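Q: To start, I am sharing the structure in question, which I have written as structure tokens.
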Amino acid sequence: MRALGRPSTTVPLILSLILVPLTVVLAFVWTGEDVDQGFSQKIFYLHVPVALTSYAAFGYGAFCAAMYLWRRDPEWDLRSYVGVHSGTIFGTLVLLTGPIWAKASWGVWWNWGDRQINVFLILFLYYCAYFMLRFSLDEGERRRSASAVYALLGVGLIPLSFLAVRIAETLIHPTVFTSSGAAMPSSFFLTFLVGLAGMLSLMALLMAVELRGKRTAMRVLELQRAARGEDA
Amino acid sequence: MIGAALAIARVKLVLELRRREVVFAMLLFVAATIVIVHFALRADDGAGPRAAAGMLWAAVVFTAVLGLLRAFAAEAEEGALDALLLAPVDRAAIWLGSALAQFGFLVVVEVVAVPLWWLLFFQEEGPAPLPVIAALLLANVGIALVGTLAAGLALGARTRDVLLPVLVLPLAIPLVLAGVTATYGAFGEEGGGFGPLGPLGFLALYDLIFLALAWGTSEHLLGD
Amino acid sequence: MTLEECSKRFGERLALRKATLAVEPGETVVLLGPNGAGKSTLLRLAAGLLRPTAGHARIDGIDAVDAPRALRAGMAYAGHRSQLYRGLTARENLALHARLHGRALDLDGSRAAVGLADRADERIDGFSRGMLQRLALARATAHEPVLLLLDEPASGLDADGRTLLDHVLLEGRGRRTQLVASHDQDLPARLGARAVRLDTGRIA
């Protein structure tokens, strides 16, 4: 398990310290006010990068789960857990910032017509169930493989949730299927990219720190067992 | 593989015929759920086809969970899972066979539940039956496949009975979304959308994706 | 069949500690030891039903948990529970087992072997512990395994049953590899088998 190496905390720490404040500065100083939404649109630079980062973390968790089932190295299980855990932390942030934005632009806290946030709600429930599964099994092989199998189901659930919400939507508002994007000034887009990079580094930092903590805890457990004379 | 799965499914259906432990409870449960939601929505005051469609699907999904709670109960009694795991058959057959049995239970439940739902909600104008039946059958496949996998995951857990609904329901949300859309659509002219991106096409896609995912991982969930 | 420094941990409890054991093809080994010594864990590891926390359990050089179907076809394990379906008859249980092993049901052979007499078409919910144990033994031996793992097969058996069990084990001696966990201190002598003692998860 040591073969997988130590994830660096220095690089993501420096990057987050630069990029996250930079996003705030750019968002408030450089980019102009959005024509439609005005000042409240600023939350876009936080909300959307956080959401995308959260997906990245879930994807990483699923990838490590697959690696665990293939290699059976407990390190992959730890990484998968850390990925899902960080994804859920960022997901909580999405579910908090989403309603703030919704309140500002639509006047309601929860907009059931907003596709993204509804998908997130499904995923959030699903990943909360992951933790419940994980913590009702005793530490060991069984827990690791069950967690990995469940985390892998997310690979199917994420795209299917998007599709399902979209299909259900066409019935409520039987109109638009326009591809969004396009009409965004380049300053908006650049700031968004900086925000995304900042959030990704922040997540990398969180995951590295948590992984170190988990490894230390495992090492302590091993040492305690060794001290009791149980060397396995 | 398929032969072994069928043999396991047959055993489970025979056991259910003899003991009537699960399906009868599921029938009472689905009837009670439909009646409760009927009263909760005051559907007789004209809750509309959307509410009616949603109700049917909520009742079906919750009832399915009830059946899944007993998915491996017969194996638990005398440790029959060990014998199945050591048999020279693909281990996915254990999951597939159990899923087939769950599918059968769901079909029996719906044969009773759907007419009851129809009777309570629509005296005259109901949805076109064909899309509704197709959607239910496709959704049964999905929930049986995913649910049996989740039931296998929950097997070793201390809190298995509370855990299983929590594991299954989020995975079933897309099914409910598409199922309700198909049912609601069946009231209209277009008849529910059989197209590739319509709700029925989506249900088929869901079944295929989770068939592949569950098949690939079911080897890992039993034993240990 | 070999165990190499096999350990198994359940939560914080270490059930087996670095157990090393080699059973030669055709050899019969009796595992002795008090309750909780780790006999059952060792057998389940050997059968590939558990994955070792550390070390390896191998059959013909292949990790038991990953045993391919061809290898599993020659294995049998009977534990504390009968591994049967309670709602089925004895015949149906054996038929399922035969079906999964791709064999024809040989009820006469099995019945003769374990003295099931005329109860083959009775549902096994009504069977006594001893009858269940006999049927479990019939199930485990029906597909003529080359590796037979038995966990306290004598529990619940009457005197006749025990004689029958001894007969099955004696008959299998030299023809298949047998690993039997038992409380019966005389069993190794009766079978002319090697005895291995297990205590608090260690092989003594």
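The values are calculated or read from the model by the stated rules, or taken from the named source; none is laboratory data. This structure is a prediction, so every number in the text was calculated from the model and none was measured. All Cβ positions, even for glycine, are placed from backbone atoms using ideal geometry, and neighbour counts span all protein chains on display. In case anyone asks, the SASA skips ligands and DNA or RNA and just uses the protein heavy atoms, side chains included. Shrake-Rupley method; radii C 1.70, N 1.55, O 1.52, S 1.80 Å.
Q: Would you confirm whether or not region B:179-189 contains a residue that is facing another protein chain (nearest Cβ under 9 Å), open to solvent by less than 10 Å² (accessible area, probe 1.4 Å), among the β-branched types (Val, Ile, Thr) and in contact with a helix residue (DSSP H, G or I) (Cβ under 8 Å, 6 or more places away or on another chain)?
A: The answer is yes; a qualifying residue exists.
Q: Run down C:Ala15, C:Ala22 and say which single residue is touching a Ser or Thr at 6+ places or on another chain (Cβ under 7 Å), within 14 Å of chain A (Cβ to nearest Cβ) and either closer than 24 Å to C:Gly201 by Cβ or modelled with pLDDT of 90 or more (or both).
A: Every option except C:Ala15 fails the conditions.
Q: Working only within region A:212-222, note down all residues that are more than 14 Å from chain C (Cβ to nearest Cβ) and surrounded by fewer than 11 Cβ atoms within 10 Å (Cβ to Cβ).
A: A:Thr216, A:Arg219
Q: Only residues that are facing chain A (nearest Cβ under 9 Å) and open to solvent by less than 10 Å² (accessible area, probe 1.4 Å): list them for region B:200-216, please.
A: B:Phe202, B:Tyr206, B:Phe210, B:Ala214
Q: If you don't mind, there's one more thing I want to ask. Taking the options A:Ala56, A:Ala51, name whichever one is surrounded by 20 or more Cβ atoms within 10 Å (Cβ to Cβ) and in contact (Cβ under 8 Å) with a residue 40 or more places away in the chain.
A: Of the residues listed, the single one that is surrounded by 20 or more Cβ atoms within 10 Å (Cβ to Cβ) and in contact (Cβ under 8 Å) with a residue 40 or more places away in the chain is A:Ala51.
Q: While we're looking at this one, here's another question. Go through region C:57-67 and count every residue that is surrounded by fewer than 16 Cβ atoms within 10 Å (Cβ to Cβ) and assigned to a strand (DSSP E or B).
A: Counting residues in region C:57-67 that are surrounded by fewer than 16 Cβ atoms within 10 Å (Cβ to Cβ) and assigned to a strand (DSSP E or B) gives 2.
Q: Just a yes or no: is a residue in region B:154-161 more than 10 Å from chain A (Cβ to nearest Cβ) and open to solvent by 10 Å² or more (accessible area, probe 1.4 Å)?
A: yes
Q: Among the candidates C:Ala54, C:Ala70, single out the residue that is open to solvent by 20 Å² or more (accessible area, probe 1.4 Å), facing chain B (nearest Cβ under 8 Å) and over 16 Å from the mean Cα position of the chain (by Cα).
A: Testing whether each residue is open to solvent by 20 Å² or more (accessible area, probe 1.4 Å), facing chain B (nearest Cβ under 8 Å) and over 16 Å from the mean Cα position of the chain (by Cα) leaves just C:Ala70.
Q: Ok, one more. In region A:107-133, what residues are buried (at least 21 other Cβ atoms within 10 Å of the Cβ), within 18 Å of A:Val82 (Cβ to Cβ) and more than 7 Å from chain B (Cβ to nearest Cβ)?
A: Across region A:107-133, the qualifying residues are A:Leu123, A:Tyr127, A:Tyr130.
Q: Then there's this: So which helices (runs of 4 or more DSSP H) stay within region A:1-111 end to end and still have 2 or more residues that are within 19 Å of the chain's Cα centre (by Cα) and within 20 Å of A:Leu152 (Cβ to Cβ)?
A: The qualifying helices (runs of 4 or more DSSP H) are A:44-71, A:74-106.
Q: Scan (1) within 12 Å of another protein chain (Cβ to nearest Cβ); (2) small (Gly, Ala, Ser); (3) part of a loop (DSSP other than H, G, I, E, B) for the single condition C:Ala120 breaks and write down its number.
A: Status for C:Ala120: all satisfied but (1).
Q: Can you tell me how many residues in region B:117-153 are open to solvent by less than 70 Å² (accessible area, probe 1.4 Å), away from chain A (no Cβ under 11 Å) and either farther than 18 Å from B:Leu177 by Cα or under 19 Å from the mean Cα position of the chain (by Cα) (or both)?
A: 20
Q: From the residues in region A:150-175 that are outside any loop (DSSP other than H, G, I, E, B) and at pLDDT below 80, which one is surrounded by the most Cβ atoms within 10 Å (Cβ to Cβ)?
A: The extreme case among them is A:Ala168.
Q: Select from region A:22-42 the residues that are among the aliphatic types (A, V, I, L, M) and buried (at least 18 other Cβ atoms within 10 Å of the Cβ) and write down the one among them that is modelled with the lowest pLDDT.
A: So, considering only residues that are among the aliphatic types (A, V, I, L, M) and buried (at least 18 other Cβ atoms within 10 Å of the Cβ), the one modelled with the lowest pLDDT is A:Ala27.
Q: Name the residue that is nearest to B:Asn140 (Cα to Cα), counting only residues in region B:87-116 that are within 14 Å of chain C (Cβ to nearest Cβ) and open to solvent by 10 Å² or more (accessible area, probe 1.4 Å).
A: B:Leu96
Q: Applying the selection to region C:158-192, what residues are under 20 Å from C:Pro34 (Cβ atoms), open to solvent by 20 Å² or more (accessible area, probe 1.4 Å) and of a type in the set (A, V, I, L, M, F, W, C)? Break it down into steps so the answer makes sense when it comes.
A: Pass one, region C:158-192, residues under 20 Å from C:Pro34 (Cβ atoms): C:179-189.
Add one more test, that the residue is open to solvent by 20 Å² or more (accessible area, probe 1.4 Å), and what stays is C:183-186, C:189.
The one that is under 20 Å from C:Pro34 (Cβ atoms), open to solvent by 20 Å² or more (accessible area, probe 1.4 Å) and of a type in the set (A, V, I, L, M, F, W, C): C:Ala189.
Q: Let me ask something else about it. Tell me, which residue of region C:82-110 that is free of Cβ contacts under 8 Å to residues at least 24 places away in the same chain and more than 10 Å from chain B (Cβ to nearest Cβ) is least open to solvent (accessible area, probe 1.4 Å)?
A: Looking at the filtered set, the residue picked out is C:Leu107.
Q: Another one. Quick check on this structure: which one of C:Leu43, C:Leu31, C:Leu14 is open to solvent by less than 50 Å² (accessible area, probe 1.4 Å), within 27 Å of B:Glu77 (Cβ to Cβ) and in contact with an Asp or Glu (Cβ under 8 Å, 6 or more places away or on another chain)?
A: Going through C:Leu43, C:Leu31, C:Leu14 in turn, just one is open to solvent by less than 50 Å² (accessible area, probe 1.4 Å), within 27 Å of B:Glu77 (Cβ to Cβ) and in contact with an Asp or Glu (Cβ under 8 Å, 6 or more places away or on another chain): C:Leu43.
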